[in-house]
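The values are calculated or read from the model by the stated rules, or taken from the named source; none is laboratory data. Bear in mind the structure is a predicted one, so any value in this text is a computation, not a measurement. Here the Cβ is made from the backbone with ideal geometry for all residues, glycine too, and neighbour counts use every protein chain on show.
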Amino acid sequence: MTHELIASRLASASSNATSGNATASGWWRDAVIYQVYVRSFADSDGDGVGDLRGVRERLPHLARLGVDAVWLTPFYVSPQADGGYDVADYRAVDPLFGDLSDADALVAAAHALGLRVIVDVVPNHTSAEHPWFRAALRDPAARARYHFHPGRGPSGELPPNDWESVFGGPAWTRLPDGDWYLHLFAPEQPDLNWEHPEVSEEFDSVLRFWLDLGIDGFRVDVAHGMVKAPGLPDIGHGAQATLIGTEPLPFFDQEGVHEIHRSWRRLLDSYPGERIGVAEAWAPTSERLALYIRPDELHQAFNFRFLNCPWDPAAMRTVIDESLAATASVDAPTTWVLSNHDVVRHRTRYGSLDRARAAALLMLALPGSAYVYQGEELGLPEVTDLPDDARRDPAFHRTAGQDGLRDGCRVPLPWAGAEPPYGFGPGGTWLPQPAGWGDLSVAAQTGDPHSTLELYRAALELRRAMPGLGAPEAGPLTWQSAPEDVLLFTRPGFACTLNTRPTPVELPAPGRPVLSSAPVETDGRTVRLPPDSCTWWAM
Ligand code: GLC
């Protein structure tokens, strides 16, 4: 599809929305959204860290890939204790990434290419360098916007409760004056107290600031965390990290967060052009997750149960069915995702490039929206041998190396050339890139019909051409009988087969093959599905 066509789609979607026909347009219901981890996408100034100008210069890659929108991870002023998820000024660009005029130029350039732009908002916590927290450190009377409490024990030497940080260790840090403050993440990320009226007023204003600049939506960081159970009760048993997303916890998925999302939805809807909210929410069940995307709340919520699903056809089918049922119950589409900046890349999780390619075609065939994490279109593996002193993930250092795999999926992208930095920028790279990534670069894969990049390009082009792919409105997904270890589903005009076996499988051809993650052999009546492969069929 040409840029002109994309631009005209965008224009008509916007005009529908401005004329008050927002639900009819619903661009986000089947959008493919590309996650740019700004630090690691493209560097324009040679400091080894990706930046907004680098993103702008590489936007043609994304337009050619065929995605609908771009999600930019935080680029705000930050001490970078957690890759920018520790924001010190929500209305300014960190000099590491550029300035506000670069943000403005990036949004304008993306729109000119027909790409929408989503930015991160981090409302659960600020940076410890935020003016509010600095004031709180100086003056106990200025602490109400955070969770400050006296400790337990005879001299207050024990934390106020037993909560643990997601990054390991206690979720509380004590100040020299004796008070403790809550941080569900690193100590440099104090949790905000959303009971305080100034907190919600401030975030309304921050959202307006970026909406006025023209962005098309927000990815809401820790959207399940802002409200804590009254009285901050103990959990009572250890191993809290394993409970996140599986059990109700007094600091996650509390009812009160929904009121915040409802008010943000009203704010988003007060702007023309269908601006959206995307929840990064960890909820114990698909049904609880669906509550975040009720018609008066956010538009999308990442389906992490799909992301966490092993290479097992029965488990995949169950997750797909349960996710579709849960989101249908609130009349919302499902938002599929395989990789992001917080998890091991799915090529490595699934154990091979063949499976990664197959999983991508499966995801892109499902009804709903899908997120593509930068580099998955190149088939990048996780980098598992980073030297300890290069690692930046705060979790790595807080858990004595037990955890901290998040740096391995954040290694700067290879664009061209045979040696590091592979066209990432004119200088080095903030994390070292492996040898041999030249063959995985955008330049090396472009034009090679067997490359993963060309597979993604072809898949996204077909997704636009065949309504049975993606668009939830096109009709139901129906499972058909298939040999063991094979999944076969149909949608109007379309079929998808997934062979999860390490050996080929023969079955009656469900139609005419239009795209496959590995070469298929068919005589028109029967087909031999290659090992670990996914094939799309026109019917
Ligand atoms: C989200 C982000 C992650 C960050 C955390 C704390 O989970 O995706 O990168 O560390 O929130 O803000």
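Just name the residue that is modelled with the lowest pLDDT out of those in region 1-54 that are surrounded by 15 or more Cβ atoms within 10 Å (Cβ to Cβ) and of a type in the set (S, T, Y). Within region 1-54, the match that is modelled with the lowest pLDDT is S14. If you go through region 140-168 and keep only what is closer than 18 Å to G225 by Cα and part of a loop (DSSP other than H, G, I, E, B), you end up with A144, R145, H147, N161, D162, W163, S165, V166, F167, G168.
Across region 408-439, which residue is farthest from the ligand (Cβ to nearest atom) among those that are buried (at least 22 other Cβ atoms within 10 Å of the Cβ) and not in a loop (DSSP other than H, G, I, E, B)? The residue in question is W437.
Listed residues A88, A81, A69, A92; which is more than 16 Å from the ligand (Cβ to nearest atom) and either in contact (Cβ under 8 Å) with a residue 24 or more places away in the chain or β-branched (V, I, T) (or both)?
On the way: A88 fails: more than 16 Å from the ligand (Cβ to nearest atom); A81 fails: more than 16 Å from the ligand (Cβ to nearest atom); A92 fails: either in contact (Cβ under 8 Å) with a residue 24 or more places away in the chain or β-branched (V, I, T) (or both).
Exactly one residue qualifies, and that residue is A69.
Every condition in (1) under 13 Å from L380 (Cα atoms); (2) in contact (Cβ under 8 Å) with a residue 60 or more places away in the chain; (3) in a loop (DSSP other than H, G, I, E, B) is met by L453 except one, and the failing one is (3).
When region 167-183 is limited to residues that are touching a residue at least 40 places away in the same chain (Cβ under 8 Å) and surrounded by fewer than 22 Cβ atoms within 10 Å (Cβ to Cβ), the one that is farthest from the ligand (Cβ to nearest atom) turns out to be G169.
For the structure I just gave you, tell me whether F218 is in a helix (DSSP H, G or I), within 16 Å of the ligand (Cβ to nearest atom) and under 22 Å from the mean Cα position of the chain (by Cα). Spell out how you get there, then give the answer.
Values: in a helix (DSSP H, G or I): no; within 16 Å of the ligand (Cβ to nearest atom): yes; under 22 Å from the mean Cα position of the chain (by Cα): yes.
Criteria not met by F218.
In region 269-330, which helices (runs of 4 or more DSSP H) lie fully inside it and hold 3 or more residues that are surrounded by 19 or more Cβ atoms within 10 Å (Cβ to Cβ) and of a type outside the set (S, T, Y)? Passing ranges, in order: 304-307, 313-328.
So which of E506, E521, E461 is among the acidic types (D, E) and touching a residue at least 60 places away in the same chain (Cβ under 8 Å)?
Details: E506 fails: touching a residue at least 60 places away in the same chain (Cβ under 8 Å); E521 fails: touching a residue at least 60 places away in the same chain (Cβ under 8 Å).
Selected residue: E461, the only one of E506, E521, E461 that is among the acidic types (D, E) and touching a residue at least 60 places away in the same chain (Cβ under 8 Å).
For A360, the test of being assigned to a helix (DSSP H, G or I) and buried (at least 23 other Cβ atoms within 10 Å of the Cβ) is passed.
Of the residues examined, T446 is not one that is under 22 Å from the mean Cα position of the chain (by Cα), among the hydroxyl-bearing types (S, T, Y) and more than 16 Å from the ligand (Cβ to nearest atom).
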